[in-house]
Number of protein chains: 6
Amino acid sequence: MKPTPICPPDPAPLVAFGAHPDDIEFGCGGVVVRETRAGRSAHFVVCSRGEAATHGTPAHRTAEAEKSAGLLGATVEFIELDGDARLAARPAHAITLAGILRRRRPGVVLAPSRVENQHPDHAQLGQLVCDAARLARYGGVPELRASPPHAIAHLFFYAVTPEAEPAGLARILIDVSAPEVVGAWTAAMEAHASQALTRGYVELQLTRARLNGLRAGVGHAIALFPNDTLVFDSLEQLSRGARQF
Amino acid sequence: MKPTPICPPDPAPLVAFGAHPDDIEFGCGGVVVRETRAGRSAHFVVCSRGEAATHGTPAHRTAEAEKSAGLLGATVEFIELDGDARLAARPAHAITLAGILRRRRPGVVLAPSRVENQHPDHAQLGQLVCDAARLARYGGVPELRASPPHAIAHLFFYAVTPEAEPAGLARILIDVSAPEVVGAWTAAMEAHASQALTRGYVELQLTRARLNGLRAGVGHAIALFPNDTLVFDSLEQLSRGARQF
Amino acid sequence: MKPTPICPPDPAPLVAFGAHPDDIEFGCGGVVVRETRAGRSAHFVVCSRGEAATHGTPAHRTAEAEKSAGLLGATVEFIELDGDARLAARPAHAITLAGILRRRRPGVVLAPSRVENQHPDHAQLGQLVCDAARLARYGGVPELRASPPHAIAHLFFYAVTPEAEPAGLARILIDVSAPEVVGAWTAAMEAHASQALTRGYVELQLTRARLNGLRAGVGHAIALFPNDTLVFDSLEQLSRGARQF
Amino acid sequence: MKPTPICPPDPAPLVAFGAHPDDIEFGCGGVVVRETRAGRSAHFVVCSRGEAATHGTPAHRTAEAEKSAGLLGATVEFIELDGDARLAARPAHAITLAGILRRRRPGVVLAPSRVENQHPDHAQLGQLVCDAARLARYGGVPELRASPPHAIAHLFFYAVTPEAEPAGLARILIDVSAPEVVGAWTAAMEAHASQALTRGYVELQLTRARLNGLRAGVGHAIALFPNDTLVFDSLEQLSRGARQF
Amino acid sequence: MKPTPICPPDPAPLVAFGAHPDDIEFGCGGVVVRETRAGRSAHFVVCSRGEAATHGTPAHRTAEAEKSAGLLGATVEFIELDGDARLAARPAHAITLAGILRRRRPGVVLAPSRVENQHPDHAQLGQLVCDAARLARYGGVPELRASPPHAIAHLFFYAVTPEAEPAGLARILIDVSAPEVVGAWTAAMEAHASQALTRGYVELQLTRARLNGLRAGVGHAIALFPNDTLVFDSLEQLSRGARQF
Amino acid sequence: MKPTPICPPDPAPLVAFGAHPDDIEFGCGGVVVRETRAGRSAHFVVCSRGEAATHGTPAHRTAEAEKSAGLLGATVEFIELDGDARLAARPAHAITLAGILRRRRPGVVLAPSRVENQHPDHAQLGQLVCDAARLARYGGVPELRASPPHAIAHLFFYAVTPEAEPAGLARILIDVSAPEVVGAWTAAMEAHASQALTRGYVELQLTRARLNGLRAGVGHAIALFPNDTLVFDSLEQLSRGARQF
């Protein structure tokens, strides 16, 4: 007989979407590994092979992404939409992503923000995932009939760069200070060796997380941007605010 | 024998500030009773006797406030600042409120929002409490030396009217749907009989809470506005978002 | 000899656009019936048969929309764009809608808001109507030459859900408190029986309107969001503000 | 026998507040004369003699204000608060202004905006009038008992300079194109001869009004900023939007 | 021997994009001529012949644009995207524009703003140029391999109408008061004779620039909206702020 | 013989205001030393001795401030307003600060931001300096007659903490990457030894500056927030934007 658990033993899966092989890791990899280490399953859906980037072949970048996802405790799949630097928020793509949501049935979905002034694929994908999370609930879309409708619990946007942080949405901070979490996140970013060596991406993300950590009174923290107003059963669920200074 | 609790047995106290005898009840009474029923202590600090209002004598309103606080499971004290319709956000008042925070040592503080287009006392008090929560941490203020410095965990603003909801802050929703919670909240509002009969205040608050509840997929919910970015240890703490429509 | 009228006898027609058969009714049906009862003609342009929804066949939903429009005193037409859950803001669609505006020559146009976090068809249609209202004025678009250019007086956005209310636009409230207006509006929403029974849509709209009404000191009111700055000949046209609390 | 009027014969009075003798004229004089020419009475309350300005003695400036108010069809009174460049938004001042509102019982109130980056007296007065309009309704303020409570219909903010236009409030445009209106407004501004000759204030205001007029498709228009959401009985009251370009 | 110059002798080229033959001139022509008179080369990329407009044939408008560009000291090219009133922000177009940026290698890029409530082609082009400026830096896009990657220094948005000024971006003012600058700009606008005679476009732009000039304490100034945070080596580069009133 | 300089030999002085002895150094010390090393004089006006802080006596903190100012190449004076944790934005204080501005006659003024959610003294001082910069221009204030009116060129706000960065103002970045600049700034912060050892203030500021630097493609950069729209004579003055990612 299965004993009554204090915490749910199987938190609902997490699905993260990235436009390029390294977006999820750079934007919110620390959150993912924080969750997988707590027992939540995580799956990455990557929508190009990064073939428009300056460095790295598609094959090389695929291998980097697979290694990196493994370091974070996540699985990864690649899907074909319009290709790198060519993504458009077409309704057909939203239906494709909705189909993935129905099959994976996540509780938490992570996507790049919809801020316009960033890599255009990021903003397009952010809107596509937002739309997909809605379409996954509707019963009458023919392409989606293979799986029953599914309503996610949360859509959080992540920001690959500071410029991509959405001014109009609330922000929350997730504490990723545990040494094994920061370590695995750093390793996962460095696994994208073709990208990490240029432009200081790894330092950028660790600096952002350290600044958030200083504000929150912890080591490192990553900002997420909830698409929807957060609902709580009581104030007890709200551990603390960033009131350090 | 009391079994070992899953939740911490003594959540940090809650202190709520109101400019007038009925502000706390109308603005966030449902949240207060939700917390006291879960074992959190609550204390109200009321900064006038409502002597500028159209209806109700100071004595009558004091009695209403005491009855109402009791229905919510809270204690209440009255302090003298500048009087009803005369409150100014003077630094000396902030120090006075900081002294109360040091003595009461709450985890959670509730205050009216700082939105300018509402009863002027509300906005002044919101700023005073925000400042007081900071001053309570500083070691060198002579008037505060009777109690050691204290850092609160959360300052949440409440909005007595829809107009007082701050556009520039994130909002969260607290589920107050349990029948005993809605019932006690309604009774507490009606206990302010001198105010509740005019202008439809009770219906206003219940309508606001029902609309929030419909959005959140619950019966009733009350919006609070965190002064600071919320920090979470994991996504597991975030039960759900308002994604009903 | 025709006597000089006090009010214009024939207010310019109203045209409302909806992405799905029930959007107009749920989003602003009370405003429509308020206007048709004052002698303004109203016409609905519906851009899908709701074929992606969980409940209701296209034929059933068409019948519901026709019944509902009749209850509001409006006519309704259905047009084919991309289909339910597939609408994209293509320039060709904007030209199609501009052609309808030229033929109907409305003074007032109603459209769903462009807020991104709602059913994706709503946001796409909001942008399409905004663009169409501009294109209808330009003389050189070949597809539009069958009718002379037309400039509308007003484009108002409506919000099907609270989440769709645009934060960046002004809002105005239209008093729909007359019993026959609220009654006809409620009946029109209930005429969408396939949709109204689930998720509390009718209660959602009436609760929103009651909350607006409480703020405005009337029974019920519906919020609209003007696309353009409002111009008045004198302050006499501005009957009152929502100053109830 | 007096014929039945089409418009109400006695529109509710207008009261405009200014921190300095020329603020009302420069900020919204065209609106005032538009209203007085339509039969509405207007009264100016000026809260200093401009004694901190570079040019003009208090006596001279008082005379200029009286002449200018007359050109706009308004009466004017001067009150003593803290003096020019010294105004603070003290609750006692709000009660003083509330007393004036109770005696004058206006329908429409005009005040400088609360934007912080302008002459500090303007922002302070804007907040004072906003508070006073609320206090005027409350029955229990001893200083106000000489007159019965009064609820105004509208509080509109005006902006003496472009920098003072509040970004967070809706704006409306009032058409002041009639030649006699523009003429009287210009004459009233020029009547403040001690101020008008420096820094191009008259040209500034006429340029602002012409730009608003071009946007609205009229000659000149002045922007006002309603403190509260506007409520309308029907769309017929909304003559048109600024859709010229 | 070439002497050490005080100013760089060859400022990086400027490239301005317009959706229609007259957009650049009306939106920011004064800035362009200010720059070309200081020795900077300027090139216009116009994305339609204005064939949807009420007045002017494509041939006529092409001739007007060529004459006007010459008056501003700029060269002009026309490219075919989707046609007037039909422009969509397709990724393929962004790649096309990125190719132009790589060939022209500008330091400064000007584009219409992305504000949604304006001619739809303007908003689409604003987004396309923003995306193109990013894609021009990426090494792996096959269509772009003919020229090496290029990073621009600045993307500034211009606003063809006041409605197109983006509320969410900072604004800067460029002083265009020199008589020969205002004169050339006015002549360039009037060179679009087919458009300038209707609706007061020339007066609109000069009134906007005069109002900006009054605020800045100069004759005329044009507002630009930087896409990115401005970086300065020292405060000495910041000549002054608009502090006139 | 001193050679003829390319840059103006005497840039207008800089005056920075701080509420506490270390605010200027922590908030914008790197900018100050960047300017003094380029030949601009700098003067600090500190409005308390930090007597409410947890650590450090007034005498100790005065000495720290004097040492720190010296490391930045600035002079420092202390003025008495209301005392630490007691500052109120009284008009009399604004006049006092205006008197200092008239005597010092700076081109550039630095002040803490007016954001409400920070140490209350900071927000009060930000408003006081904003008002003082205006009052310094007016000819009729008796207390100011000892010095002729003075108009500053720029008021920039600095943010002592990330929370104090004003969301509603544009931001600019000043490059402070030169090793001697970062070094002197770090030394100046560390000179406030009583404050620097707790809560990680020095790391906070260097992390903020490094993050800004990464965004701008330089080593370190400090954000300032201009109170007024920036005016430029040409685009040549705008060296570059933060377009690194």
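The values are calculated or read from the model by the stated rules, or taken from the named source; none is laboratory data. In this text the structure is predicted, and so the values were computed from the model without any measurement. Don't worry about glycine lacking a Cβ; one is built from the backbone with ideal geometry, like all the others, and counts go over all protein chains shown.
Data overview
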item	result
Hits in segment E:199-231 (condition: facing chain F (nearest Cβ under 7 Å) and out of contact with any helix residue (DSSP H, G or I) (no Cβ under 9 Å at 6 or more places or on another chain))	E:Ala216, E:Pro226, E:Leu230
Condition broken by F:Glu80, with the remaining ones in (1) touching a helix residue (DSSP H, G or I) at 6+ places or on another chain (Cβ under 9 Å); (2) away from chain B (no Cβ under 14 Å) satisfied	(1)
Subset tally (residues that are surrounded by fewer than 24 Cβ atoms within 10 Å (Cβ to Cβ) and within 11 Å of chain D (Cβ to nearest Cβ)) for segment F:117-129	2
Selection count where residues are buried (at least 23 other Cβ atoms within 10 Å of the Cβ) and in contact with an Asp or Glu (Cβ under 6 Å, 6 or more places away or on another chain), scope segment B:197-219	0
Pairs, first more than 9 Å from every other protein chain (Cβ to nearest Cβ) in segment B:159-180, second in a helix (DSSP H, G or I), C-beta under 6 Å, six or more apart	B:Val176/B:Gly30; B:Val176/B:Arg34
Answer residue from segment F:29-51, given it is aliphatic (A, V, I, L, M) and within 13 Å of the chain's Cα centre (by Cα) and is nearest to F:Ala159 (Cα to Cα) among those	F:Val31
Members of segment D:66-117 that are modelled with pLDDT of 95 or more and of a type in the set (S, T, N, Q)	D:Ser68, D:Thr75, D:Thr96, D:Ser113
Residue tally, condition more than 25 Å from C:Gly99 (Cβ to Cβ) and of a type in the set (Gly, Ala, Ser), over segment C:142-174	5
Count of residues meeting criterion [crowded, with 22+ Cβ neighbours inside 10 Å and part of a helix (DSSP H, G or I)] in segment C:96-110	3
Qualifying residue in segment B:59-67 (condition: away from chain D (no Cβ under 14 Å), charged (D, E, K, R) and part of a strand (DSSP E or B))	no
Residues located in segment C:34-50, provided they are free of Cβ contacts under 8 Å to residues at least 60 places away in the same chain and either in a strand (DSSP E or B) or in contact with a Phe, Trp or Tyr (Cβ under 9 Å, 6 or more places away or on another chain) (or both)	C:Ala42, C:Phe44, C:Val45, C:Val46, C:Arg49
A:Ala53 outside any helix (DSSP H, G or I) and either within 14 Å of chain E (Cβ to nearest Cβ) or at pLDDT 95 or above (or both)	yes
Condition broken by D:Ala53, with the remaining ones in (1) touching a strand residue (DSSP E or B) at 6+ places or on another chain (Cβ under 8 Å); (2) in contact (Cβ under 8 Å) with a residue 40 or more places away in the chain satisfied	(1)
Some residue of segment F:64-75 being without any contact (Cβ under 8 Å) to a residue 24 or more places away in the chain, surrounded by fewer than 23 Cβ atoms within 10 Å (Cβ to Cβ) and not small (Gly, Ala, Ser)	yes
Top-ranked residue of segment F:46-63 - restricted to ones that are β-branched (Val, Ile, Thr) and surrounded by fewer than 22 Cβ atoms within 10 Å (Cβ to Cβ), ranked as nearest to B:Pro149 (Cα to Cα)	F:Thr54
Which listed residue is at pLDDT below 95 and either over 16 Å from the mean Cα position of the chain (by Cα) or not polar (S, T, N, Q) (or both), from E:Leu173, E:Leu211, E:Leu204, E:Leu169	E:Leu169
Scan of segment E:70-83 for residues that are part of a loop (DSSP other than H, G, I, E, B) and under 19 Å from E:Met189 (Cβ atoms), ordered by number	E:Leu72, E:Gly73
Any hit, segment A:142-154, residues being of a type in the set (Asp, Glu), in contact (Cβ under 8 Å) with a residue 24 or more places away in the chain and under 29 Å from E:Thr229 (Cα atoms)	no
Counted residues, segment F:167-177 - those being touching a His at 6+ places or on another chain (Cβ under 9 Å) and surrounded by fewer than 24 Cβ atoms within 10 Å (Cβ to Cβ)	1
Residue count for segment F:232-245, restricted to those that are aromatic (Phe, Trp, Tyr) and either more than 7 Å from chain E (Cβ to nearest Cβ) or touching a residue at least 40 places away in the same chain (Cβ under 8 Å) (or both)	1
Among the residues listed as C:Leu155, C:Leu144, the single one being modelled with pLDDT of 95 or more and in contact with a Cys (Cβ under 7 Å, 6 or more places away or on another chain)	C:Leu155
Every residue from segment F:23-41 that is hydrophobic (A, V, I, L, M, F, W, C) and within 9 Å of chain E (Cβ to nearest Cβ)	F:Val31, F:Ala38
Single match in F:Arg114, F:Arg86, F:Arg134 (criterion: within 13 Å of chain D (Cβ to nearest Cβ), part of a loop (DSSP other than H, G, I, E, B) and over 22 Å from F:Asp10 (Cα atoms))	F:Arg114
Filter result (buried (at least 16 other Cβ atoms within 10 Å of the Cβ) and touching a strand residue (DSSP E or B) at 6+ places or on another chain (Cβ under 9 Å)) within segment C:76-95	C:Val76, C:Phe78
So D:Ala187, is it at pLDDT 95 or above, within 16 Å of the chain's Cα centre (by Cα) and either surrounded by fewer than 21 Cβ atoms within 10 Å (Cβ to Cβ) or within 14 Å of chain C (Cβ to nearest Cβ) (or both)	no
